[in-house]
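Worksheet: the structure to be examined is printed underneath.
Derivation of every value follows stated rules applied to the coordinates shown; laboratory data play no part. The model shown is predicted, which means the values in this text are computed figures rather than measured ones. Heads up, the Cβs are rebuilt from the backbone with ideal geometry, glycines too, and the neighbour counts pull from every protein chain shown.
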Amino acid sequence: MKLRHIEVFHAVYVTVSVSGGARALNVSQPTVSKVLKHCAAREIIGIGKVLSCIPSLKQKTAQTALVTHCSSKRFLALMRRLITPFIGGDPTDTNAPGLGNDQATIDSFIVDIKRNGKTKLTLADVKMSNPSVLSLPGGNLGAAVGIEWRNESYQDDRDDRDDRDDRLDGTTPFIDQILGTTNLSDVMGSSPTPDTNGSRNVLGAFIELAVPVVSPEMGIPLVHSLDLQLAARAEDYSDVGSVVKPKVAASWFPFETFQVRAAYAEGFRAPNLEQINATAIRRVNTSREDWILCEAIARANNTTFSADDNCDNVSVEGVRTGGPDLKPESNTNYSVGATFEPFDFLTLTAEWWRIEQRGLVGLFSDQNEISLDYLLRLNGGSNPNVVRGAADADTVAIFTAAGLDPSGAGEILEVRQTFSNLELRESEGLDFSAQVKFDTDFGRFNIKANAAHIITFFQNPSTEGSDLSRAVESGAINSLG
């Protein structure tokens, strides 16, 4: 029996489930299952009895299975036979003497990890401004213009070392001596992360005008002053395309102590270089639900659909990649507000605002991908982003008894996710403030109170997300928790 066997069995024993053991070891659930199956196939001493104490898919909960299927004393005795000869101690008491290796042994497999991240910005620009380009009845027209060029680049080198090969980016992979499988990360508890890099050139230009329409000197009733702001900005990215966005704002003082303002503006944000260029970033995620397995268990056992322990808290490996077809995010902003200064020491403000964001860069979560796989499999299809392994005979039997395609019976090996532009996000709210200023012998005091109220915050779902919502509402699939 090798150290890997012991490590896996101890984790499963302590957490009382395969999925719990996977979470404790920070590996995917299929990896733990493979080690257990390998032990059974090799007929390691006592292993069959220990495996019989691990709950099967047909048993309702891990805790119930252990109580009803095994006696605690027998199980502990078997675990002692497996653990004590190798590392000593008591598996029920981690503080017992002799449990663990000496420091010299531990030092022999400890390595220092270094991450070298570098970003670089090269910028050249020309800007000009003039507060009195032209004389208007309400005052002088001000203007500002500018152009710029910039180069943005970044490099993320995982475990950048001069004295040895990298251990996180696949240069020095870990090869499981038991299963023969390869993990691109050679560091326990650290997911493999390839090195990434990217760069782009950006050309930009802007213009802004400050237009005084009415001044106090003009003496117009109920228009103490009126000013406009007109602006526009354009940028051309070498990787995500071009954008042009305007802004219009107005400030109206009916009288000197009261202001009404309004603005309309469009904005944008280009996806960052990592979101575009990331390559296969792998992360193990826990507490996921494999709903098609829950459905199969419920049908086969003629029980109520639920997050059964065997399909709940599943550990899956998410594989995230960049989106080379990403477009810049865009937004539209509206605001109307007022400021009132009834006294020199008191200022009151109120403002309504609304923001509409389009094309936000994000991910369709791994749980959403698994839920979509559930919906598609109930309708004869599958989600290619959810990659499953070969199913064992017991699980195939459960799916067959449930009348479901057994191709969905395999454990989830990985969930593929690509950065993409999401649907519309809407937010709307009200802001209020009151400010009091006064002078004393001890100095000037400024007291301010703010309040905000969110009226709306809603992220419109993607096409796939809408399909899931409609399926739940119609009863085509069971509620996803």
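Quote the convex hull volume per residue of region 115-255, based on C-alpha atoms, as a whole number of Å³.
Convex hull volume per residue, Cα atoms: 186 Å³.
Label region 367-481 by shape, choosing from rounded, prolate and oblate, from the square roots a ≥ b ≥ c of the eigenvalues of the Cα gyration tensor; if a/c is under 1.5 it is rounded, and otherwise prolate applies when a/b is larger than b/c, oblate when it is not.
Judged from the Cα gyration tensor, region 367-481 comes out prolate (a/c at least 1.5, a/b above b/c).
From the Cα gyration tensor of region 257-481, with a ≥ b ≥ c the square roots of its eigenvalues, which class applies: rounded if a/c is under 1.5, or else prolate if a/b is larger than b/c, or else oblate?
It comes out prolate by the Cα gyration axes.
What residues qualify as long-range amide H neighbours of Phe364, i.e. H under 5 Å apart, gap of 5 or more or another chain, H built at 1.01 Å from N?
HN-HN under 5 Å from Phe364: Thr418.
Rank by packing, highest mean first: peptides 414-421, 107-114, with packing defined as the count of other Cβ atoms within 10 Å averaged across residues.
Per-residue Cβ counts within 10 Å, averaged per peptide and sorted highest first, yield 414-421, 107-114.
Net charge around Ser466, counting only other residues with Cβ within less than 13 Å of its Cβ (Lys, Arg = +1; Asp, Glu = -1)?
Surrounding charge for Ser466 is -3.
³J(HN,Hα) across region 337-343 via Karplus (A = 6.51, B = -1.76, C = 1.60, θ = phi - 60°), whole Hz, x for Gly/Pro?
Working through the residues one at a time gives x, 8, 10, 10, 10, x, 9 Hz.
What does the charge add up to near Arg320, with Lys and Arg as +1, Asp and Glu as -1, over the other residues with Cβ less than 14 Å from its Cβ?
-3
Between region 349-424 and region 227-292, how many Å separate their Cα centres?
29 Å
Quick check: pseudo-label points 7 Å beyond the Cα along Cα→Cβ at Asp107 and Glu423, how many nm apart are they?
5.9 nm
Might you report the magnitude of the Cβ-based charge dipole of region 115-255 about its Cα centre, with Lys and Arg at +1 and Asp and Glu at -1, to the nearest 20 debye?
It works out to roughly 660 debye.
Report, by chain and number, residues whose modeled amide H sits under 5 Å from the one on Leu141, excluding near sequence neighbours (fewer than 5 apart, same chain).
Correct list: Val133, Leu134, Ser135, Leu136.
Determine the dipole magnitude for region 257-481: charges of +1 sit on the beta-carbon of Lys and Arg, -1 on that of Asp and Glu, nothing else is charged, the reference point is the Cα centre, and the result goes in debye to the nearest 20.
540 debye
Mind checking region 325-366 for chymotrypsin sites (Phe, Trp or Tyr not before Pro) that DSSP puts in a loop (not H, G, I, E or B) and that have at most 15 other Cβ atoms within 10 Å?
Within region 325-366, the qualifying chymotrypsin sites (Phe, Trp or Tyr not before Pro) (loop, at most 15 other Cβ atoms within 10 Å) are Phe345.
Looking at the square roots a ≥ b ≥ c of the eigenvalues of the Cα gyration tensor of region 428-481, which shape do they give, rounded for a/c under 1.5, prolate if a/b is larger than b/c, or oblate?
prolate
Just add up the charged neighbours of Phe445: K/R +1, D/E -1, any other residue whose Cβ is under 9 Å from the Cβ of Phe445.
With Lys, Arg at +1 and Asp, Glu at -1, the neighbours total +1.
List every residue whose amide H lies under 5 Å from the amide H of Leu413, counting only residues 5 or more places away in sequence or on a different chain, with H placed 1.01 Å from N in the peptide plane.
Long-range HN contacts for Leu413: Val387, Arg388, Gly389.
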